[in-house]
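Here is the structure we will look at, set down as structure tokens.
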Amino acid sequence: MLQARLAISVLFLLCGLNFASWATRIPYFKESLSLSDAELGSILMGLPIGSMVSLPLAGWLIARYNSKVICLLAVVLYIVILPALTFISSSLFLFLGLFSFGMAGDILNISMNTQVVTLEKLTNKKIMSSFHAIFSIGLMLGSLMGGYLVKEEFTLEYHFYLVALCNVACIVGVYKYLLADSKNLDSNSEVVQAKFKINNYLLILSFIAFCGMLCEGAMADWISLYFKQLPDLQGYSFTIGFSSFAFSMVIGRFLGDWVAKHISIRNILMFNGILIAAGMSITVFFTQVHVLILGCFITGLGISTIVPMIYSQAGNTRDTSPAMAIAAVSTIAYIGFILGPVVIGFLSEYFGLQQALILLIILGALASGISKFALDKE
């Protein structure tokens with residue numbers, strides 16, 4: 001089981017590294033294509049739309065075949081798409097590139113989370129949050145690497161080809177240790193056919209995940225631009241806010257499995273929302289760089305355990321396969337990823353980016369309220 005756990009951890013690390021590598025280069029694409037905030041927000045839709053389109057496809061592929069094989073497919077897609085992004089020369093091609101990038105990311109997301117659910121069943125342990133911590137480590141490492149390469153003026157081509165090479169080396173090393181899915185469900189059964197029929201409890205969890213995913217996507221896509229606009233970064237790279245956010249996500253997710261043993265899902269999610277609202281209030285309404293970094297850190301703690309807790313709950317639903325349950329919940333949650341970049345972009349265009357980020361404060365409060373008043377006590 002240790003080899004399987006390490007192999008799955010590498011997949012989560014790669015997923016975070018790939019996404020952060022793109023996120024740290026958003027300012028480059030914005031400047032090179034001369035995009036306004038609203039135009040950038042519209043183009044950023046490509047990534048979550050690609051994710052959304054791939055959700056039912058990923059669930060179906062994994063249910064029909066095996067998450068091990070689909071993990072390999074997703075990483076191969078990354079290996080092809082990352083170098084292709086270096087040839088982008090227009091807004092349309094950037095949108096299409098992000099659409100493909102989003103598809104690869106979500107296929108990997110669903111397949112590697114299915115691997116975790118299989119491992120949870122084999123070990124009879126709740127370990128989902130720790131794997132999402134590895135994803136956050138990938139985000140943090142990708143952010144730090146991207147910030148260093150930008151600061152040292154390495155080219156986009158060097159950056160993305162290096163990350164693609166990391167994907168090649170990792171998947172070659174870990175593929176044979178990935179797990180075969182449990183075959184306790186027949187692929188032609190009513191369970192598979194009813195892939196998006198979820199009960200009220202999972203529906204509520206999905207809307208909480210929607211708030212969390214919108215906040216996470218907004219932080220990834222906009223926080224570096226927000227810091228870049230600051231008048232005095234005191235020697236920090238403009239990626240420092242995103243790095244602080246990613247670091248706190250690591251801490252929160254490593255603690256998440258332990259917390260889940262002692263606190264109900266309802267209370268965890270309620271506290272998550274409070275932290276998001278508090279952290280973004282600090283980030284938006286204060287001006288000192290060190291305080292803003294702290295605000296990003298608190299926001300990351302709040303967002304950290306929302307998705308892993310909800311994915312684990314969904315993956316252990318009795319009446320559907322893990323891949324289908326995760327895909328169904330993700331379908332609603334990823335709508336937040338679709339709306340987030342666009343809404344923030346347009347709000348920023350008319351009110352300024354600082355004012356646009358107030359939306360995340362509202363979403364944090366909303367997630368906390370839904371958790372307190374709509375979820376049953378466990």
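The values are calculated or read from the model by the stated rules, or taken from the named source; none is laboratory data. Everything quoted here is computed from the prediction, not taken from an experiment. Here the Cβ positions follow ideal geometry from the backbone for every residue, glycine too, while neighbour counts run over all protein chains shown. Ligands, DNA and RNA are stripped out before the accessible areas are found, and what is left, the full protein with its side chains, is counted by its heavy atoms. Shrake-Rupley method; radii C 1.70, N 1.55, O 1.52, S 1.80 Å.
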| message | Using DSSP to call loops (not H, G, I, E or B), can you name the GluC sites (Glu not before Pro) in the range 73-171 whose Cβ has at most 12 other Cβ atoms within 10 angstrom? | response | E152, E153
| With a ≥ b ≥ c the root eigenvalues of the C-alpha gyration tensor of the range 6-144, is it rounded (a/c under 1.5), prolate (a/b larger than b/c) or oblate? | prolate
| query | What's the local net charge at S111, with K and R +1, D and E -1, over the other residues with C-beta under 12 Å away? | reply | -1
| request: Between the alpha-carbon centers of the range 1-67 and the range 199-227, tell me the distance in whole angstrom. | output: 15 Å
| said: Through the Karplus equation 6.51 cos²θ - 1.76 cosθ + 1.60, θ set to phi - 60°, convert the phi angles of the range 224-237 into ³J(HN,Hα) values in whole Hz; use x for Gly and Pro. | reply: 5, 5, 4, 5, 5, 7, 5, x, 9, 8, 6, x, 7, 6
| How large is the accessible surface per residue of the chain, computed with a 1.4 Å probe and reported in Å² as a whole number? | 40 Å²
| note | Over 20 Å (Cα to Cα) among K30/K228; K176/K261; K121/K372 -> K176/K261; K121/K372
| Rounded, prolate or oblate: which fits the range 231-290, taking a ≥ b ≥ c as square roots of the Cα gyration tensor eigenvalues, rounded meaning a/c under 1.5, else prolate when a/b beats b/c? | oblate
| Average projection area in nm² (convex hull over Cα atoms of the range 239-378, one quarter of hull surface) | 9.1 nm²
| remark: Dipole check, the range 230-378, charges on Cβ (K,R +1; D,E -1), about Cα centroid: among A328, I298, Q288 the Cα furthest to the positive pole belongs to A328
| field | Computed over the chain: relative contact order in percent, which uses C-alpha pairs under 8 Å that are six or more apart | value | 27 percent
| Taking the Cα centre of the chain as the origin, how large is its charge dipole in debye, to the nearest 20, when only Lys and Arg (+1) and Asp and Glu (-1) carry charge on their Cβ atoms? | 1040 debye
| field | Label point 7 Å beyond Cα of K176 along Cβ direction - residues of the range 10-33 with amide nitrogen under 15 Å | value | none
| message | Run the helix sum for the chain: -39,500 (n - 2.57) per DSSP H stretch of 4+ residues, divided by residue count, reported at 222 nm to the nearest 500 deg cm²/dmol. | response | -27000 deg cm²/dmol
| note | In the range 16-147, taking the dipole from +1 charges on Lys and Arg beta carbons and -1 charges on Asp and Glu beta carbons about the Cα centre, the listed residue (V76, L122, L40) farthest towards the positive end is L122
| request: Summarise the accessible area of the chain (1.4 Å probe, protein heavy atoms) by the percent that is carbon and sulfur. | output: 66 percent
| field | Label assignment, Cα Rg over 2.2 N^0.38 Å derived from the structure, set (1) 1.02; (2) 0.92; (3) 1.11 | value | (2)
